[in-house]
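> Mind having a look at this structure? Questions to follow.
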Amino acid sequence: MSTKTAKRTSTTLAIALGAAALASDATGQQKQGNELVGAWAIVSSDTVRPDGNRSPTFDRSPKGILILDPSGHYALELMRAELPKFASTNRSEGTPDENKAVVQGVLAHYGRYSINDADHSLTFHIEASSFPNWAGTEQKRPFTLSGDELRWKTAAASGGGSAELVWKRAK
């Protein structure tokens with residue numbers, strides 16, 4: 001093997017080993033909370049008022065999905081099962097009542113997330129939200145995971161009070 005080929009081989013080997021070490025480190029970081037990675041379908045979302053009264057936030061049969069990807073990005077969307085159709089076929093021309101129903105019946109946000117295994121919490125680092133007050137904030141959710149069921153509490157829900165959500169792993 002020539003000196004030039006040997007240098008090229010050792011450089012290639014060094015790059016490959018460096019990439020493997022970085023991949024191993026990233027895998028180690030992602031191991032934390034790895035059981036939450038994937039897609040989740042909403043089962044229930046209840047608002048809990050300060051007096052203890054509970055009510056479904058998005059009706060008794062909400063629709064929604066939570067996607068947690070392995071690289072730390074997430075997207076969450078919740079909505080009432082029955083949202084009124086707009087009279088117009090142009091969503092920019094909704095009536096005040098139609099727009100109000102959508103604003104009160106939908107919550108969506110996305111960004112990055114992190115998991116703290118020590119205190120069993122999921123923190124959303126919200127980049128944008130359909131509730132603009134949440135954009136640019138961090139929101140911590142204590143969670144429990146039992147099989148394919150994920151539960152968490154939102155201390156300050158977007159509709160007032162607190163919220164308790166139940167998700168099931170999407171199949």
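The values are calculated or read from the model by the stated rules, or taken from the named source; none is laboratory data. Please read these numbers as outputs of a predicted model, since none were measured by experiment. Note: ideal-geometry Cβ built from the backbone for every residue, glycine included; neighbour counts use all protein chains shown.
> Just for the range 42-75: of the residues that are part of a loop (DSSP other than H, G, I, E, B) and at pLDDT 95 or above, which one is surrounded by the fewest Cβ atoms within 10 Å (Cβ to Cβ)?
Ser71
> Any chance the range 111-131 includes a residue that's aromatic (Phe, Trp, Tyr) and under 21 Å from Ala39 (Cβ atoms)?
yes
> Where in the range 98-171 are there strands (runs of 3 or more DSSP E), lying fully within it, with 2 or more residues that are farther than 23 Å from Ser71 by Cβ?
106-116, 138-146, 149-154, 162-169
> Return the residue satisfying two criteria in turn: it lies in the range 76-97 and is part of a loop (DSSP other than H, G, I, E, B) and either touching a residue at least 24 places away in the same chain (Cβ under 8 Å) or among the aromatic types (Phe, Trp, Tyr) (or both), and of such residues it is surrounded by the fewest Cβ atoms within 10 Å (Cβ to Cβ).
Restricting to residues being part of a loop (DSSP other than H, G, I, E, B) and either touching a residue at least 24 places away in the same chain (Cβ under 8 Å) or among the aromatic types (Phe, Trp, Tyr) (or both), the top hit is Phe86.
> Here's a follow-up. Of all residues in the range 149-164 being buried (at least 19 other Cβ atoms within 10 Å of the Cβ), among the aliphatic types (A, V, I, L, M) and modelled with pLDDT under 95, which is nearest to Ser45 (Cα to Cα)?
Ala163
> Okay, moving on. Exactly one condition in (1) touching a residue at least 60 places away in the same chain (Cβ under 8 Å); (2) in a helix (DSSP H, G or I) is false for Ala39; which is it?
It fails just one condition, (2).
> Among the residues of the range 104-134, write down those that are of a type in the set (A, V, I, L, M, F, W, C), farther than 21 Å from Ser44 by Cβ and either surrounded by fewer than 14 Cβ atoms within 10 Å (Cβ to Cβ) or touching a residue at least 60 places away in the same chain (Cβ under 8 Å) (or both).
Answer for the range 104-134, where residues must be of a type in the set (A, V, I, L, M, F, W, C), farther than 21 Å from Ser44 by Cβ and either surrounded by fewer than 14 Cβ atoms within 10 Å (Cβ to Cβ) or touching a residue at least 60 places away in the same chain (Cβ under 8 Å) (or both): Ile115, Ala118, Ala128.
> Now a separate question. Given the structure, is Thr144 within 27 Å of Pro50 (Cβ to Cβ), at pLDDT 95 or above, in the same structural domain as Ser44 (by TED's automatic domain parsing) and loosely packed, with under 12 Cβ neighbours inside 10 Å?
yes
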